Amino acid sequence: MKKICKKCGLFACCYFFIKNRNICKKCHSKRDKIYREKQKEKRKLSSKRYYKNNKEIIKYKTKTYYKCNKESILNSLQSSRSKNPLKYMYADAKYRAKKNDLPFLIKIYDLSIPKDFLCPLLKILMRRCAGNSSDNSMTIDRIVPEKGYVPNNVWVVSRKANANYNSPTLDRIIPDKGYVPDNIMVVSFKANTIKNNLYISEMKVLLDNWKKKIQEIKTENQNRKNK
Ligand SMILES: [Zn+2]
């Protein structure tokens, strides 16, 4: 038996139609999808409204529940963190990016935990499991901070390295020349450590910044000489 779809006018065998209805399967699934999207929005709005109207009660209930089950909640959080540390580091970084208005274009597969859990900057053993954060916790660091969380600009380092990397250190531009006026520059701890440990591909990311910095130092030295 053949039927006509009241939506798209399809004239075809009833196999292509919803049983006992004059609407084809294609149109029906389309309508279904739209309906589900609408319901989703509705549910979102209604739960938002519910939260707004019952804010105090919900807060009180959550607080009490947390108080009574603190240990088990923390335990389960810790175990899920240690099972999948990257997932949580990723979420933390996303939060920081939003807070500091930085670009966030990385996906979780752009990240990898260093081999043997050694911090690439400090060579200290990083903790496998998360929990209370400490110097040994793993964090996602931006190699060039201004670039934000973009692919090829992030790596996993220890929290200690991440916290200290901005402290200034003195570096020799040409190591063999030693610490003489024309051959020194003040660079961050991170830059000083990083340049010995990087692969060429990683170094390339930093190169532009380095060139600019060296040029600045050279001009500065030249100006000093001319005075
Ligand atoms: Zn149809």
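Okay, here's what the table says:
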quantity: Test: Ser82 is under 28 Å from Ser134 (Cβ atoms), part of a helix (DSSP H, G or I), more than 16 Å from the ligand (Cβ to nearest atom) and at pLDDT below 90; calculated: yes
quantity: Residue within segment 27-35 that is under 30 Å from Tyr88 (Cα atoms), away from the ligand (no atom under 13 Å from the Cβ) and aliphatic (A, V, I, L, M) present; calculated: no
quantity: Residue identified as modelled with pLDDT of 95 or more and more than 16 Å from the ligand (Cβ to nearest atom) among Tyr95, Tyr90, Tyr60; calculated: Tyr60
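The values are calculated or read from the model by the stated rules, or taken from the named source; none is laboratory data. Keep in mind it's a predicted model, so treat the numbers as computed, not measured. A quick note on method: Cβ atoms are made from the backbone with ideal geometry, for glycine too, and the neighbour counts reach across all protein chains shown.
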